[in-house]
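Please read the structure below before turning to the comments.
The values are calculated or read from the model by the stated rules, or taken from the named source; none is laboratory data. If you're wondering where the values come from, they're calculated on a predicted model, not measured in any experiment. FYI the Cβ positions are ideal-geometry reconstructions off the backbone, even for glycines, and counts take in every protein chain you see.
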Amino acid sequence: MLRHSLAVALGCALSAALVFGGCAQAVPSAAPPAAAGTPAPPRQPASGAASSQPVYEYETQELYARRGENQIYGILYVPQGAGEQMPAVIYSHGYGGDHSYGEQYAQALAMRGYVVYCFDFCGGSPGSLSDGSTLEMSLFTEQADLEAVMAMVTDLPFVDAGNLFLLGTSQGGAVSAITAAAHPDQVRGMALLYPAFSLVEDANRRYQSAGEIPDSQYFLWMTVGRAYFEPLLGYDIYHAIAAYDRDVLILHGDADGIVPLSSSERAVQAYPSAELVTLPGAGHGFSGGDASAAIDAITEYCNAHIQ
């Protein structure tokens, strides 16, 4: 059992980030590890114990997946020389975000031998490069996006499908959690950063019945539709995520003013096996020393759970 809370001694580097922050047919085929792509400039990994492992150069390429009629845009990070089949991490962004919010994690994990895919949810933001409207987006359409992306990524010849990890921030953390619970045998492990489980409680406080929900509304900084709120009424997300019985890593700042730390504390109690790492002074989104600590914790967690 990993049910305990750790306090990480860090500086108080606060960052502005997104709130509550993706279809299984590749349009262009992904290149194998040795193929030409966009070379990444040499970088040093984040400091910490995880930095003692080999450091790889990586290449990036645009890669589309598909869910029904919707194409999903993403960037694939492929380590060079890390093996014929490599473990993979799929990054899910938060509400109103896009694939670029996973860049710092993708770069670090790719240098440590993980294939990483960062994508835009369909309708996930007004600027999404994936198809779909924000009026149609919901927690569950994003789950369907992630399921399709999982199928596409695990079908890549250089990906070890038995070692697939999910990494989600804010709403993307909640999406990762319900998706892993629906497919526990396909997800080796999961790291959730300030996951927005509280969005379900917020929706149920806002509306007591479906008839109260308008067809569209400006919520936070974008317009969403009835589809966003209606499926959440009466939904018990903590009961749903408990179906995932493998180890879960949760990282949350105790100065998060958007998603309360208490929601992650409740999730730890719901999961059969979970570890909560609390970052003192960190807000909703990690940067600087907080991001470095998160990267090391995620890498060490994934390394420890590869089979």
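Observations, loosely collected:
- Of all positions in region 86-107, at least one carries a residue that is under 26 Å from Tyr228 (Cα atoms), modelled with pLDDT of 95 or more, of a type in the set (A, V, I, L, M, F, W, C) and within 17 Å of the chain's Cα centre (by Cα).
- Some residue of region 69-78 being in contact with a Pro (Cβ under 7 Å, 6 or more places away or on another chain) and farther than 24 Å from Ile237 by Cβ: yes
- Among all residues of region 124-133, there is at least one that is in a loop (DSSP other than H, G, I, E, B) and under 15 Å from the mean Cα position of the chain (by Cα).
- Single condition Gly94 does not satisfy, out of (1) out of contact with any Ser or Thr (no Cβ under 6 Å at 6 or more places or on another chain); (2) more than 22 Å from Met111 (Cα to Cα): (1)
- Output for region 97-128, where each listed residue is among the hydrophobic types (A, V, I, L, M, F, W, C) and in contact with a helix residue (DSSP H, G or I) (Cβ under 8 Å, 6 or more places away or on another chain): Ala108, Leu109, Val115, Val116, Cys118, Phe119, Phe121, Cys122
- Among the residues of region 74-90, those that are touching a Phe, Trp or Tyr at 6+ places or on another chain (Cβ under 6 Å) and under 18 Å from Thr169 (Cβ atoms) comprise Gly74, Tyr77, Val89, Ile90.
- Some residue of region 171-190 being over 30 Å from Ala106 (Cβ atoms) and surrounded by 14 or more Cβ atoms within 10 Å (Cβ to Cβ): no
- Residue list for region 30-76, restricted to those being more than 17 Å from Tyr105 (Cβ to Cβ), modelled with pLDDT under 80 and of a type in the set (Ser, Thr, Tyr): Thr38, Ser52
- Matching strands (runs of 3 or more DSSP E) fully within region 204-294 where at least 1 residues are over 24 Å from Phe121 (Cα atoms), at pLDDT 95 or above and among the hydrophobic types (A, V, I, L, M, F, W, C): 274-279
- All of Ala191, Ala177 fail the test of being farther than 29 Å from Glu59 by Cβ and either among the aliphatic types (A, V, I, L, M) or assigned to a loop (DSSP other than H, G, I, E, B) (or both), apart from Ala177.
- First in region 141-154 and over 17 Å from Val89 (Cβ atoms) and surrounded by fewer than 24 Cβ atoms within 10 Å (Cβ to Cβ), second anywhere and modelled with pLDDT of 95 or more and not charged (D, E, K, R), Cβ under 6 Å, 6 or more apart: Gln143/Val175; Gln143/Ile178; Gln143/Thr179
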